[in-house]
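Take a look at the structure below.
The values are calculated or read from the model by the stated rules, or taken from the named source; none is laboratory data. Fair warning: this is a prediction, and the values are worked out from it, not measured in the lab. Glycine gets a Cβ as well: all are built from the backbone with ideal geometry, and neighbour counts include every protein chain shown.
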Amino acid sequence: MVRIKAASPRLISAMGCSLFFAYILSFVFEGQVLYSLLGSFGIETFMYLVIAMAAHLLGLLSCGFFVKSPGVVRHVMVASMGLCAAANAPFFFGPSPLWLVGLIVSGYASGCVVASFGYLLKLLAPKCERLKACADVLIYSSVAMIATNAVAVNISATFGLALSLAGVVLGMVLIWALPVQSMTEEREKADHKRNQDSGIKQPLLLLALFVLVITIDSGLMYQVINPAFGHLAGLASWYWAVPYIAALIAMRNLPSKIRRANALYVGMAMITAAFISFMILGRNALDYLIVDTLMLGACGIFDLFWWSILAEMLDFTDRPVRIFGLGLAANVLGVLAGDVLGRHLVSLKLSDAEVAVVALTIVSVTVAMLPILNRRLVMLLESHAYLMVFGSMSKPQQTAVIAQSPAHDPLTAREQEVLEVLLAGKSTREIAAELFISESTVKTHIRNIYSKYDVRSRAELISTVLKSQIEASS
């Protein structure tokens, strides 16, 4: 334990969470271990998977309401991991109602662990390092999951479950060894002061839509493409994660001068090429390698893309567990939606080519939305970053910044007041309350301000007024 505590807290958290995430990927979240266990008894998997994912979703959404401090984070994570290990004990015996109970408990508890990871990410990784921190967890967990799946498919599903639960126990030890309680009161106060007025509802909702669109395609893939290569179960049980991991490694080590959005376009091209390849190629091992490499490579790019954006959002809030849980909940909903959509397509008894055409159409429509969503999301995040810097300035400095970005037409005295409060990050309702005017009057003033600055949104206004001055002074 002494040696563990001497290691880097970021490394300890990455390894501990990776071991637990590997358990989620191999069991709770459409995992091969769960598939193998249910299949060995001839049990239909869909109901179990939906129940597990619904419980996981509930854990992601509710955990943020009671996890609000470093000490609580560690206790909740360790207790939830222990619950998962205990709840899965019935799976070592024959099928019984306890299997459903165990899935519900482990699904909910695993959601709490994943959401709580958001707190560790904010606490232990600087903003500039969070993409790498997310990549490390996704890579390590995928490698551990490959090993677990291989055991479940080629040796025994029960042995695979035992291996994944051993990872859970080791993850508990590592998380308990984290020195998260050493965070000083000054740091907590500084974080709270900096974050408490930085509402991120709009960018978070936009990111949730972004994640939903991406993961619908992933769920569709599982139900449309994977069954077509069912005769290659041995190869598919481990190779599917290889291009995924390779894409994560490539994204993790991208030179800083390469824009993250460029990777998004590469992923879009790969996922489209995967479905086209699925339509024109056969169903042998080489064809599977081509389709899977394109598909899972794209998934790796997309996953790290939105994970890193979600991680950056943690600086804008003093409730990182709630924010992280909401972002990951969109992922679960997207996978469920894609699963249902894919199952419906398969149930229509169409040929592989016809199913692929329909799936490709859906993918093309959803993928086309990504650049638009990304541009809007980037603008919103930039505007919040500028607001945080602006809020840390003194009143004279704020006045000087606004004065150096004049509107095309002079603002009235009241419009100037509205602009100053707006740049403090206040909502329309809060502006109305502070200036003792109605919300409709505030909206009228804001429309006039937009017109005089020749902008069409609050984010664009913030960027226009603050960007050049803040960047020049930094």
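Side notes on the structure shown:
- Selected residue (criterion: surrounded by the most Cβ atoms within 10 Å (Cβ to Cβ)) from residues of region 364-406 that are in contact with a Leu (Cβ under 9 Å, 6 or more places away or on another chain) and of a type in the set (Gly, Ala, Ser): Ser383
- Within region 407-427, restricting attention to residues that are buried (at least 17 other Cβ atoms within 10 Å of the Cβ) and not in a helix (DSSP H, G or I), the residue that is nearest to the chain's Cα centre (by Cα) is Gly425.
- All positions within region 92-134 that are more than 11 Å from Ala311 (Cα to Cα) and crowded, with 23+ Cβ neighbours inside 10 Å: Leu103, Ser106, Gly107, Tyr108, Ala109, Ser110, Gly111, Cys112, Val113, Val114, Ala115, Ser116
Yes/no per residue for (1) outside any helix (DSSP H, G or I); (2) under 24 Å from the mean Cα position of the chain (by Cα); (3) under 14 Å from Cys299 (Cβ atoms):
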| residue | (1), (2), (3) |
| --- | --- |
| Tyr222 | no, yes, yes |
| Pro227 | no, no, no |
| Gly230 | no, no, no |
| Ala236 | no, no, no |
| Val242 | no, yes, yes |
| Ile245 | no, yes, yes |
| Leu248 | no, yes, yes |
| Met251 | no, yes, yes |
| Leu254 | yes, yes, no |
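- Residue match in region 349-360 (condition: closer than 30 Å to Phe302 by Cβ, outside any helix (DSSP H, G or I), more than 32 Å from the chain's Cα centre (by Cα) and of a type in the set (S, T, N, Q)): yes
- Positions within region 253-271 being touching a residue at least 60 places away in the same chain (Cβ under 8 Å) and crowded, with 18+ Cβ neighbours inside 10 Å, in sequence order: Leu264, Met268, Ile271
- Of the residues making up region 292-311, those that are of a type in the set (A, V, I, L, M), closer than 16 Å to Phe229 by Cβ and surrounded by 24 or more Cβ atoms within 10 Å (Cβ to Cβ) are Met295, Leu296.
- Qualifying residue in region 386-405 (condition: assigned by TED's automatic domain parsing to the domain that holds Leu204, in contact with a helix residue (DSSP H, G or I) (Cβ under 7 Å, 6 or more places away or on another chain), closer than 30 Å to Thr272 by Cβ and in a helix (DSSP H, G or I)): no
- The one condition in (1) out of contact with any Asp or Glu (no Cβ under 9 Å at 6 or more places or on another chain); (2) farther than 24 Å from Lys201 by Cβ; (3) modelled with pLDDT under 85 that Thr399 fails to fulfil: (1)
Residue by residue, here is whether (1) in contact with a Ser or Thr (Cβ under 6 Å, 6 or more places away or on another chain); (2) outside the structural domain of Val113 (by TED's automatic domain parsing); (3) under 30 Å from Glu129 (Cα atoms) holds:
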{"position": "Ile290", "(1), (2), (3)": "yes, yes, no"}
{"position": "Glu312", "(1), (2), (3)": "no, yes, yes"}
{"position": "Asp315", "(1), (2), (3)": "no, yes, yes"}
{"position": "Asp318", "(1), (2), (3)": "no, yes, yes"}
{"position": "Val321", "(1), (2), (3)": "yes, yes, yes"}
{"position": "Gly325", "(1), (2), (3)": "no, yes, yes"}
{"position": "Val363", "(1), (2), (3)": "no, yes, no"}
{"position": "Asn374", "(1), (2), (3)": "no, yes, yes"}
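- Any hit, region 32-50, residues being surrounded by 21 or more Cβ atoms within 10 Å (Cβ to Cβ), assigned by TED's automatic domain parsing to the domain that holds Phe92 and closer than 18 Å to Arg322 by Cα: no
- Residue in region 15-38 that is farthest from the chain's Cα centre (by Cα), counting only those that are closer than 13 Å to Ser106 by Cα and β-branched (Val, Ile, Thr): Val28
- Condition met for Ser26 (of a type in the set (Gly, Ala, Ser) and either free of Cβ contacts under 8 Å to residues at least 24 places away in the same chain or surrounded by fewer than 20 Cβ atoms within 10 Å (Cβ to Cβ) (or both)): no
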